[in-house]
């Protein structure tokens, strides 16, 4: 399908046609009378002025940030929270009618903070234009009446600023409008919605500073999907719902279900899961729900005992419709937090207290849907699946004129896939890695301290029995999958090593970073790969002499003979036979495949 656009020769028709698109798609989305009246001067976007057919450049964000702060000096602050690699300011608007416009004031007043961001994928720019529309209406008292008295809203119109300015008409070929938009990734080619844990990008490091400063109760990330064509127009995913603190899950469910109910009342067809088929292009394969790992925005915040929401409008809906639905979502979130935020904040703070007591307790680090499934009714379109004379592949083609209810399987029985007991006291990062690991811990606001030398300390160490390096790089990293186990060990802990206590509010995030088998740990992202690369070797002619000497030991000879008898592959492999002896020799590198982070049962 081609992206929707209007002919350039008919600019005066754009607002009317956009309104007709909205009315035609969902009657509830007709622009209200107050939005049709003349708004406060200078506070509308190019998008709204064009009937939501275009979107402005980043200089508009800078100008609007300043104009809102000037028009509402007691309710809006315009702040810079970072600078992009190409030198652009990263802007946020702090909005509240409570009198609290700084993080310290919000903490003292015990107000819930909501961070809502647009443009993490800058081609999916619905959130920017919807956010400014919602902002104007809320400040004018036309939506979410009184909501800003009870919370602080931190609005980041565009997270991926440099990507936003890589502007073009075909940057999102699977999306209907706007006419031009930004690019998915940053100027350094980082996908920010894969970067919340590893925090490689300067933009992400700036965002984590903002998060650390404001400690938001709710973090909302606004996107538009890719994928198939169907009638559903938005999905709302929230964690903790399936994972994270057990008591806080109730707040996650309430927020998700409350927003979905509000959207349904307004004529939307919302979903509580991401509508991506189990088998790429095959609707009959159905859907599978999941818990996003912490590299993703809505996967990250449950590790901080806070609520993350992923909003995905459907890219095949025209831009005016997507903006209006996103605006409705923002207003609903503000309403929900106004009504329940104090209760949810109390649950989050209790989750912090409980998390500091996780030492020695089992903690789930990864989740997966089981094989159980049940049928769901999904509002799609009639479709055919026929071979393509272009690609030769089996292709799905949709008929948008023929709505059709699909009965397809849903797998949403989500269970822990990896559970690890938390260390009794914490982790020790040896001095050799203390500088760079310490910086990562600081970026996430994790508590740690440097220690004096502790020789011959009792620790637990993890040694890999199997390693698998990814064949292709991901976000500049060669990812690593480890098999192995923790075991009791004695190690020298040099002065300057780091002790990371488990008795802290972010204990789950500590484990997400430092447990080697966690899906987005520093080890999984390849940050410790050198520890799993063999660096020293014994020449074959030396190994031959060493082996003959070692065979004089009856115990070693018996082990060797037994392996020859029971392992045919070993018996046929000259290198494996020589390595058998090398691994038993004092010259073998005992640190090979040893994960250079330890667990301890006593605080240091």
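Condition test on residue 558, is it assigned to a helix (DSSP H, G or I), without any contact (Cβ under 8 Å) to a residue 40 or more places away in the chain and in contact with a helix residue (DSSP H, G or I) (Cβ under 8 Å, 6 or more places away or on another chain)? No: the conditions fail for residue 558. With the condition kept exactly as written, say whether any residue in region 538-548 is assigned to a loop (DSSP other than H, G, I, E, B) and under 28 Å from residue 417 (Cβ atoms). No: zero hits.
Per-residue answers, yes or no, for (1) more than 24 Å from residue 172 (Cβ to Cβ); (2) surrounded by 24 or more Cβ atoms within 10 Å (Cβ to Cβ); (3) not assigned by TED's automatic domain parsing to the domain that holds residue 221:
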position	(1), (2), (3)
272	yes, no, no
277	no, no, no
295	no, no, no
303	yes, yes, no
311	no, yes, no
314	no, yes, no
318	no, no, no
323	no, yes, no
326	no, yes, no
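Restricted to region 31-144, the set of helices (runs of 4 or more DSSP H) holding at least 2 residues that are touching a strand residue (DSSP E or B) at 6+ places or on another chain (Cβ under 9 Å) comprises 58-71, 103-109, 126-139.
Is at least one residue of region 469-483 more than 25 Å from residue 419 (Cβ to Cβ), in contact (Cβ under 8 Å) with a residue 40 or more places away in the chain, touching a strand residue (DSSP E or B) at 6+ places or on another chain (Cβ under 7 Å) and not in a strand (DSSP E or B)? Yes, region 469-483 contains at least one residue that is more than 25 Å from residue 419 (Cβ to Cβ), in contact (Cβ under 8 Å) with a residue 40 or more places away in the chain, touching a strand residue (DSSP E or B) at 6+ places or on another chain (Cβ under 7 Å) and not in a strand (DSSP E or B). Pairs are defined by a Cβ separation below 8 Å, a sequence spacing of at least 6 or placement on different chains, a first member in region 173-189 that is in contact (Cβ under 8 Å) with a residue 60 or more places away in the chain and at positive phi, and a second member that is surrounded by 19 or more Cβ atoms within 10 Å (Cβ to Cβ) and not in a loop (DSSP other than H, G, I, E, B); the pairs so defined are 177/319; 177/320; 177/322.
Among strands (runs of 3 or more DSSP E) lying entirely in region 381-465, which contain 1 or more residues that are closer than 20 Å to residue 524 by Cβ? Spell out how you get there, then give the answer.
Values: elements: 394-411, 414-421, 426-429.
It comes to 414-421, 426-429.
Hey, among the residues in region 568-589 that are outside any helix (DSSP H, G or I) and closer than 25 Å to residue 536 by Cβ, which one's modelled with the highest pLDDT?
The initial filter retains those residues of region 568-589 that are outside any helix (DSSP H, G or I), namely 572-573, 585-589.
Subset that is closer than 25 Å to residue 536 by Cβ: 573, 585-589.
Working: 573: 96, 585: 91, 586: 91, 587: 87, 588: 83, 589: 85.
Going through the qualifying residues, I end up with 573.
Considering (1) assigned to a loop (DSSP other than H, G, I, E, B); (2) over 17 Å from the mean Cα position of the chain (by Cα), the lone condition that residue 292 does not fulfil carries the number (2).
The values are calculated or read from the model by the stated rules, or taken from the named source; none is laboratory data. Fair warning: this is a prediction, and the values are worked out from it, not measured in the lab. With ideal geometry, Cβ positions are generated from the backbone for all residues, glycine too; neighbour counts draw on all protein chains shown.
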